[in-house]
């Protein structure tokens, strides 16, 4: 799976997400893009999944038309100490999410 890690999560998380090809928004030069722009770019560039901590993305976008799956990570903070215990859930969500759908993981 080709995974785009949103700027709302630390870049270090990428190396913990298993065998997936994980690329960060920062690496792509897409910092500051709106959610709509980011989803369109991700689809155009061949990503399968976007992993984000943006809790409002499903209310801001019509996800049924999104050409990527979305995994929303819910944690008490976006610090690695809070995210590492969720890595297994995130990896499973990446495997299971389909294009145009959203899966939440965490608290």
Among strands (runs of 3 or more DSSP E) entirely within segment 1-80, at least 3 residues that are without any contact (Cβ under 8 Å) to a residue 60 or more places away in the chain occur in 21-24, 49-52, 69-74
Residues of segment 28-55 being under 17 Å from residue 11 (Cβ atoms) and in contact with a strand residue (DSSP E or B) (Cβ under 9 Å, 6 or more places away or on another chain), in sequence order, are 28, 30, 38, 42, 47, 49, 50, 51, 52, 53, 54
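Bear in mind that the values in this text are calculations on the coordinates, not laboratory data. This one's a predicted model, so the numbers in the text were calculated from it and none came from an experiment. As a convention, Cβ positions derive from the backbone with ideal geometry for all residues, glycine included, and neighbour counts pool all protein chains shown.
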